[in-house]
Amino acid sequence: MSSKNNTQTLLLFLAVIMFLALFAFYYFLQVPSTEKVQSQQNEIVMVEKQVQLLNKKLSEKKEEPGPSIEEIQAALPLWDNTEQLTLDLDKIKTETKVTFNSIAYAVSDKGMQTQQGDTANKSAFPNVREVKVTTSVGGTYQEVTDAITQLQALPRLINVETVNFGTLPKDLTRKLTVNLTFTAYFDPSYKSKVDKVALPY
């Protein structure tokens, strides 16, 4: 009877040891492994979402149309196009009530790189040429600044270089005469890619 009890006790003890061993295996090996797998799955999901987002951005970028040839010609005409500049200045004059006096155009037939004459300082746009415009603008301070704002907002690439207000009067509603110089640009080099040349009228 005592031997039977000892055997049962031993079996019970072994069962407890096996249970503890299985529990330890599950707790120390299986649980971390499961958590690691879950963490990796979460990372995979995040990466997939990022890839989808990048693909979407790339698709949108490909779908974005570049500027049309008409827009390119408006910004950078094939010739000096002083006719369009004159029309634009006339429109600005009407809308802002300023006057443009003694407008002078100086057209350069040489590319910007040739003008610089420094081979070590090559221009990124060697075929782009310039039209220097010098004029005086008459009007109130607000009218003149509005006119300059409209000039810079034209489709054509324009760089306002100097605006000389002189000594401003205390009463800014008085008429001023302001000396203004700016540069407009053109590029005849892409004419072969144009099917229809945009006219200024």
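Points to keep in mind about this one:
- Residues considered: 76, 89. Of these, the only one that is modelled with pLDDT of 70 or more, touching an Asp or Glu at 6+ places or on another chain (Cβ under 6 Å) and either open to solvent by less than 60 Å² (accessible area, probe 1.4 Å) or of a type outside the set (A, V, I, L, M) (or both) is 76.
- Selection count where residues are touching a Pro at 6+ places or on another chain (Cβ under 8 Å), within 25 Å of residue 143 (Cα to Cα) and among the acidic types (Asp, Glu), scope the range 62-99: 1
- Of 114, 173, 177, all but one fail to be modelled with pLDDT under 95, farther than 23 Å from residue 84 by Cβ, touching a strand residue (DSSP E or B) at 6+ places or on another chain (Cβ under 6 Å) and of a type in the set (S, T, N, Q); the exception is 177.
- From 108, 39, 123, residue being within 29 Å of residue 197 (Cα to Cα), modelled with pLDDT under 75 and not aromatic (Phe, Trp, Tyr): 123
- Scanning the range 50-102 for residues that are part of a strand (DSSP E or B) and among the aromatic types (Phe, Trp, Tyr) gives a single hit, 100.
- Residue in the range 150-162 that is open to solvent by 80 Å² or more (accessible area, probe 1.4 Å), on the phi < 0 side of the Ramachandran plot and assigned to a helix (DSSP H, G or I) present: yes
- Being closer than 16 Å to residue 131 by Cβ and touching a residue at least 40 places away in the same chain (Cβ under 8 Å) is a condition met by no residue of the range 158-169.
- Unique residue being touching a strand residue (DSSP E or B) at 6+ places or on another chain (Cβ under 7 Å), open to solvent by less than 70 Å² (accessible area, probe 1.4 Å) and either farther than 20 Å from residue 99 by Cβ or among the acidic types (Asp, Glu) (or both) when the list is 165, 182, 186: 186
- Which listed residue, of 170, 193, is loosely packed, with under 12 Cβ neighbours inside 10 Å and within 12 Å of residue 72 (Cα to Cα): 193
The values are calculated or read from the model by the stated rules, or taken from the named source; none is laboratory data. Computed from a predicted structure; not experimentally measured. Positions of Cβ are backbone-derived with ideal geometry, glycine not excepted, and every protein chain shown enters the neighbour counts. With ligands, DNA and RNA removed, areas are computed over all heavy atoms of the protein, side chains included. Shrake-Rupley method; radii C 1.70, N 1.55, O 1.52, S 1.80 Å.
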